[in-house]
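Structure, as structure tokens:
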Amino acid sequence: MSLALMFLQNQPDPEQVMRMMTAIIPLIGLFFLIGMAIVIIPFWFICKKAGFSPWLSLLNLIPVGNLVLIYILAFADWKVMPAPSSAQMGYPFPPPPQQ
């Protein structure tokens, strides 16, 4: 309620504004760290499963790094083995009857 009343005043108290900013600035840093973890952790697993170094996911810390990482993952050859198709697996059929 005091926040709403402060904005309704013509001249806010500078001391109260400083206390509010002192409380908000650490929260901004905390939200930034949580947001970066939400982005970096999935990219870490994607890079690892694609056969790249998982440390590439730290490119997300750079402002344009996210776009660079997406282009690397999209256009590079992934170093993973393709899944064998059912025709290549060769299902084990019973042996033919003996005559």
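The values are calculated or read from the model by the stated rules, or taken from the named source; none is laboratory data. Computed from a predicted model, the values in this text were never measured in an experiment. Note that we place each Cβ from the backbone using ideal geometry, even for glycine, and neighbour counts take in every protein chain shown.
Summary of computed values
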{"item": "Answer residue from the stretch 6-65, given it is in a loop (DSSP other than H, G, I, E, B) and under 30 Å from V80 (Cβ atoms) and is farthest from the chain's Cα centre (by Cα) among those", "result": "G51"}
{"item": "Members of the stretch 1-40 found to be among the polar types (S, T, N, Q) and at pLDDT below 85, listed by number", "result": "S2, Q9, N10, Q11, Q16"}
